1. What tally of residues in region A:184-195 results from selecting those that are surrounded by 13 or more Cβ atoms within 10 Å (Cβ to Cβ) and of a type in the set (D, E, K, R)?
2. Taking the conditions exactly as written (out of contact with any Phe, Trp or Tyr (no Cβ under 8 Å at 6 or more places or on another chain), surrounded by fewer than 17 Cβ atoms within 10 Å (Cβ to Cβ) and at pLDDT below 90), does B:Ile67 satisfy them or not?
3. Which residue is nearest to DNA strand D (Cβ to nearest atom), if the candidates are limited to region B:185-200 and must be closer than 16 Å to A:Arg198 by Cα, part of a helix (DSSP H, G or I) and not hydrophobic (A, V, I, L, M, F, W, C)?
4. Look at B:Lys192 and say whether it is of a type in the set (Lys, Arg) and either under 16 Å from A:Cys163 (Cβ atoms) or within 13 Å of another protein chain (Cβ to nearest Cβ) (or both).
5. For region A:30-64, give me each residue that is buried (at least 18 other Cβ atoms within 10 Å of the Cβ) and within 16 Å of B:Leu22 (Cα to Cα).
6. Would you mind telling me which numbered condition in (1) more than 14 Å from chain A (Cβ to nearest Cβ); (2) within 15 Å of B:Leu115 (Cβ to Cβ) B:Ile95 fails?
7. Name the residues in region B:7-28 that are more than 13 Å from every other protein chain (Cβ to nearest Cβ) and hydrophobic (A, V, I, L, M, F, W, C), would you?
8. Restrict the check to region B:53-66 and report whether at least one residue is closer than 23 Å to A:Pro62 by Cβ and of a type in the set (Asp, Glu).
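The values are calculated or read from the model by the stated rules, or taken from the named source; none is laboratory data. Please read all numbers here as calculations on a predicted model, not as lab measurements. We place every Cβ from the backbone using ideal geometry, glycine too, and count neighbours over all the protein chains shown. Heads up: the accessible areas ignore ligands, DNA and RNA and are worked out on the full protein's heavy atoms, side chains in. Shrake-Rupley method; radii C 1.70, N 1.55, O 1.52, S 1.80 Å.
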2 protein chains.
Amino acid sequence: MKAHTIAIVEDHILLSQAIASLVDSFKDFNVLYTCKNGKELLTKLKTPSNIPDIILMDVNMPILNGIETTEIVKNEYPEVKVIALSVEENDTTIIKMLKAGAKGYLLKDVEKDILELALLETVKHGYYHTKDVSNILINSLNSDDSGKIQLKDREIEFIIHTCSEMTYKEIAEKMFLSPKTIDGYRDNLFQKLHVKNRIGLVLYAIKNGIYKI
Amino acid sequence: MKAHTIAIVEDHILLSQAIASLVDSFKDFNVLYTCKNGKELLTKLKTPSNIPDIILMDVNMPILNGIETTEIVKNEYPEVKVIALSVEENDTTIIKMLKAGAKGYLLKDVEKDILELALLETVKHGYYHTKDVSNILINSLNSDDSGKIQLKDREIEFIIHTCSEMTYKEIAEKMFLSPKTIDGYRDNLFQKLHVKNRIGLVLYAIKNGIYKI
DNA sequence: TTAAAAAAGGGGAAAAACACCCCTTAAATA
DNA sequence: TATTTAAGGGGTGTTTTTCCCCTTTTTTAA
């Protein structure tokens, strides 16, 4: 009998089933089920026999994304370990995911042996990180904290409007502010985000998931 | 003995190995090898024993992408059938891939049974398409052809510069053109792509893979 | 609790972007 | 051969953006 059970959460069904096939080929692991998003997972988990040892979780999903789902799982099923699985190399996403309670973070371009190792280490020690991810973590901690640029809600609102091909005048109307105040938002953000113009703002927003295309 | 050999071309190793595991579980198929990009595939193919019946090819890859690779494979190894495998639902990409010579196009959110069916049908009839892709094809043919917006090389160059936070003056210098010509490019593109300003241009470029972030 | 910082508002002016006219020349194509 | 299309450029505006400067109020921190 195989020792440990795995659930897979991934929105692309073929990938989900392919990873399931791979995990099933590992000696000590057994895929309990796969699901398409966080919402589906949470429904499944309500049945006690559906609680796996480890959840392999994609980060970018519609309906309920990996970060939100991981947070809920950590609170309601603290004994279940979540390993994030993502193509995303974005530092902030990784940190968000780990903060949400993920015990590991694997990039989709690792070897299958690393996946197996990660699963083994996670059942044995409770966590596993590849060197890449560890380095990102160390950097993020060493970067004297101030590293994280914190945007205010109102600023994010402004950025989203900027990404929507609106002029500042239009944004001012939409946000019930004077065009001059909007000027201030923009000037601040240019400095804060080290960009030269609106284009830079849009690129920053897309890169950091503020604006989705 | 399994009847048909498959090669997998996909830049994310874990996915590549996962799909390999899945394909190996199919009764009539056998994965010959996997590779990380088009260049690696072309090197492999030089050894006659490495020529598979079907190549499962990712579309978005670094080094040599799916479209370019498929074109080369079609010309040099016409007996090999290429099936595209992609998360991309972008119509133009699909059409480009099929034009390049792909015998099928699967989205990564199909069921594994569909993948098996696609492989079977491809060896039997030479091609396979899911309904989704067929519909896209039909639409693209019915849309009185004019549907496809064709960008010129010089226009694409201009768009990429625009995405790089450059002013039009800077772009003009970079492209050895008068600022007035650049004005013309911009005005033309605004009309052609139905956008209001530079932001729209940037969004279009990112959506259509012209500019990668 | 007071000083400092941040948020929210704005003015003026220069630079850039945008819009809409126009033109020539060469190449492709009908 | 005539006509269209691609490629390059000009002129003249208006609007928007950008970059300085400023005040007042509200938070935050010492």
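1. 2
2. So B:Ile67 does not fit the description; no.
3. The selected residue is B:Arg198.
4. Values: of a type in the set (Lys, Arg): yes; either under 16 Å from A:Cys163 (Cβ atoms) or within 13 Å of another protein chain (Cβ to nearest Cβ) (or both): no.
No; evaluated as a whole, the condition is false for this residue.
5. A:Val31, A:Thr34
6. Unmet for B:Ile95, out of (1) more than 14 Å from chain A (Cβ to nearest Cβ); (2) within 15 Å of B:Leu115 (Cβ to Cβ): (2).
7. B:Ala7, B:Val9
8. Yes, some residue in region B:53-66 is closer than 23 Å to A:Pro62 by Cβ and of a type in the set (Asp, Glu).
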